[in-house]
Amino acid sequence: MNLIVLFLCLSFSVFAVDFTLFTEPKTGTHLLIPILEELTGKKVYWAPEFSNTPYKECAYSPMDLESSDSFLFSTDHVPWDRLTMERVWNETKRKRAFLHLHAPYSLTMENYLTEKKYINFFVKRDPRDQVVSLMNHYKYVDKNNKSLNDLPSDEEKLLFLIQTRLKNTVLSFKGWMQSPLCCVLDFHKLMGSHGGDATDREALEELKKIAKALSIQLTDVHLLILYKKHFGKGWNFFRGKVGAWRDYFNEEHKTATKKEIGHLLIELGYEADDQW
């Protein structure tokens, strides 16, 4: 059966739509990468040789992204100028790959993708679950964040991330959700029954959105085989549980989150009001 899937995927890859994968951290990127690779016959390209210069401090606010002439591929790295972006683009095409970046939304980047006639895949996720996942990432995978890891408890680490990272992250990426270039996927549906708040049928509908965006036709059976083959195999996959923030947030975390992004949770449809 896997050979049939591979044959069909490679057959359609010649006609696949050109695309990028610009996502937020901790939104299921490592589930999407192998699915997109198998569907299109392309490999992911991270452009590491172009993205190794970090900011010493955050040098811009999220609102600066709207009018920036640079290409911001991460909230903690130096922006690329157009020449660098063209070099990255040419390298991506040379490798017959698709570009993955944690690229904040900007009109400059959206216009660039429009110019190149590319679409983008983006995953939306409840920011509260995201920040919990980020804390666990620093706890179990990336232990180099000294400011965070010097804090003595998970409760203090979570509060630190809520107060220093949450609002900036939401504001930096939310523009992709309204972009006409984006195939926007829903994290809680993409997790299906594994996440505890959706069904595998809902996960299938997200996969069908991917196939449709790529102009690839596969049966529901083939898409589910592909999904089950890759779910939970990512190197930094933790749990994927939807609503996990409820297991971690105390009243101080809730108060801080409402202060930072309470109105954004309502705007993005995660809450009806601030009575949560």
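The values are calculated or read from the model by the stated rules, or taken from the named source; none is laboratory data. Please read all numbers here as calculations on a predicted model, not as lab measurements. Here the Cβ is made from the backbone with ideal geometry for all residues, glycine too, and neighbour counts use every protein chain on show.
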Those residues of the stretch 180-230 which are in a loop (DSSP other than H, G, I, E, B) and of a type in the set (A, V, I, L, M) amount to 181, 191, 198, 214, 216, 218
Those residues of the stretch 167-180 which are hydrophobic (A, V, I, L, M, F, W, C) and surrounded by fewer than 21 Cβ atoms within 10 Å (Cβ to Cβ) amount to 170, 171, 177
Evaluation of residue 142 against (1) surrounded by 14 or more Cβ atoms within 10 Å (Cβ to Cβ); (2) within 23 Å of residue 78 (Cβ to Cβ) (one fails), failing number: (1)
Within the stretch 45-63, residues at pLDDT 75 or above and surrounded by 11 or more Cβ atoms within 10 Å (Cβ to Cβ) come out as 45, 46, 47, 50, 51
Just name the residue that is modelled with the highest pLDDT out of those in the stretch 3-17 that are in contact with a helix residue (DSSP H, G or I) (Cβ under 8 Å, 6 or more places away or on another chain) and surrounded by fewer than 16 Cβ atoms within 10 Å (Cβ to Cβ). 17
For the stretch 147-155, indicate whether the set of residues that are at pLDDT below 90, outside any helix (DSSP H, G or I), within 24 Å of residue 250 (Cα to Cα) and not polar (S, T, N, Q) is non-empty. yes
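Could you tell me whether residue 167 is basic (Lys, Arg) and either modelled with pLDDT under 90 or assigned to a strand (DSSP E or B) (or both)?
Working: basic (Lys, Arg): yes; either modelled with pLDDT under 90 or assigned to a strand (DSSP E or B) (or both): no.
The answer is no for residue 167.
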Restricting attention to the stretch 70-115, which residues are in contact with a Pro (Cβ under 8 Å, 6 or more places away or on another chain) and free of Cβ contacts under 8 Å to residues at least 12 places away in the same chain? none
Take the residues in the stretch 64-112 that are among the charged types (D, E, K, R), modelled with pLDDT under 85 and assigned to a loop (DSSP other than H, G, I, E, B); name whichever of them is surrounded by the fewest Cβ atoms within 10 Å (Cβ to Cβ). 69
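Quick one: count up the residues across the stretch 113-123 that are under 24 Å from residue 28 (Cα atoms) and either at pLDDT below 95 or over 15 Å from the mean Cα position of the chain (by Cα) (or both). Talk me through it step by step, then tell me what you get.
Step one: list which residues in the stretch 113-123 are under 24 Å from residue 28 (Cα atoms), which gives 113, 118-123.
Now narrow it down to the ones that are either at pLDDT below 95 or over 15 Å from the mean Cα position of the chain (by Cα) (or both): 113, 118.
Going through the stretch 113-123 one residue at a time, the tally reaches 2.
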Restricted to the stretch 264-275, and to residues that are exposed (fewer than 12 other Cβ atoms within 10 Å of the Cβ) and not aliphatic (A, V, I, L, M), which residue is farthest from the chain's Cα centre (by Cα)? 275
